[in-house]
Structure formats: C-alpha cells, structure tokens
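What follows is a single structure, written as structure tokens, with notes after it.
Computed from the coordinates by the stated procedures, all read-outs in this text should not be read as laboratory data. Quantities reported herein were computed from a predicted structural model and do not represent experimental measurements. Every residue, glycine among them, receives a Cβ derived from its backbone with ideal geometry; neighbour counts consider all protein chains shown.
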Amino acid sequence: MKAARSILLLLLCLVILGSIHIAVNAQNTAENALSNIKKHSEYALAYPGILPDHPLYPLKMTRDKTIEFLILDPIKKAEFYLLQADKRLSAGITLFYLGKTKTGEETISKGEKYFHLAVLELEKNKTVSTGDVLDRTLKAAEKHEEEIGLLITKSNNASIKEGLGLSLSSVRDFYQRTLKIKQQLINKKINTAQ
C-alpha cells in the first residue's frame, strides 16, 4: 500500500514537472512567434482602396494625379510617392492572393516606380528636415523587399517571378540610395557642428 502510494506520488510529480516543461516550452515558442511578428510588422502598408480591376479605378488615378500635381513641397511629394508605392504593393499582394497574379505583379511594378520617384525627390532635397522621411523610406524598402520576396517564393509562374525579381532588385537599389542620402546628411551635420 505504501509502495503503491509512493509510485503514485512519483508519477504525479513527473506529470506535473512534464506539464511545467511543456508550458514553459509553449511560452517560449509563443514569445519567439511574437518577436517575429513584431520584426515583420514594424512598417504597416497602406490600405490599397479600390483595386486596379475595379471599374472606378480610373477615377482614383485621376484623383491621385491631381493631388500629385498640387503638391509643391519636395518632402511632401516624397511622402506622397511613398504612400502610392505602399498602396500599389498592398493592392498587388491582394490581387496576387485573389488569383490575379499577372495584374498583381504589374501593380507592384508600377508601385515601385512611385518608390523610385520618392527616392528621386529625397535625392534632390538633401536637407536635415528629410530625416524622418528617410527613416520611413528605409523601413518601407525593407517591408517591400520582405513582401515581394514572399510573393516570389509563392509564385509558380516564371514570368511573374521574373517581374517580381526586377521589382525586388529595384527596391534593394532604393534602399541603398536612401542609406547614402542619410549618410550624407549625417556627414553634413557633423561638418556644420565642427
């Protein structure tokens, strides 16, 4: 009787210890998953709004062209272009997952042209006030690279992969150019402080 009770108590202790180990393991796994989510979601893409295959999309494009024309400040224009690039990437991702991969790839490619315009505006206006926009542009480039890379791995179509690969190369170039602008601003601050 005493031996059976000891064995039962020993088994109960092993079950409790095993449960604690499983709970700690699950918590560590959950914490790792959360840190990965935070790492990948530091930069949120803009909501795409009406998608390119919608009948009212030309009205949206007209509105965007009008706004672009009315923006005179180079920094505001860079922010506008960055927003347009984010919207196009978001729309392209949505189209891709709706099975409209060709339209999605084309939309992403057009979005990266807006990203290019944003970087051009930043290169033209290398002032201290571009610091915040530069940081957002760098984060956006990282997000674009991440999302486009994910789409490349999910695509089975060679021409779609090729188009996405070109967009990915462009984004990497934009990242490097933006880093160069940021470094030039840092050097400029150091030189004026001396």
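Averaging the inverse of every distinct alpha carbon separation and then flipping it gives the Kirkwood radius. What is it for segment 122-193, in angstrom units?
About 13.5 Å, per the Kirkwood formula over Cα pairs.
Here are some pairs, 100/154; 76/143; 102/139; 100/143; 76/188; which of them have Cα atoms lying more than 19 Å apart in this structure?
As for pairs spanning more than 19 Å Cα to Cα, those are 76/143; 102/139; 100/143; 76/188.
Could you state the per residue volume, in Å³, of the convex hull enclosing the Cα atoms of segment 57-166?
Roughly 89 Å³ of hull volume per residue.
Given contacts defined as C-alpha pairs under 8 Å and at least six residues apart, what's the relative contact order of segment 90-194, whole-number percent?
Here the relative contact order equals 33 percent.
As I understand it, the dipole of segment 108-194 uses +1 on the Cβ of Lys and Arg and -1 on the Cβ of Asp and Glu, about the Cα centre. Which of 122, 163, 186 lies farthest toward its positive end?
In segment 108-194, that residue is 186.
If you place +1 on the Cβ of every Lys and Arg, -1 on the Cβ of every Asp and Glu, and leave all else neutral, what size is the dipole of segment 78-151 about its Cα centre, to the nearest 20 Debye?
Computed charge dipole of segment 78-151: roughly 260 debye.
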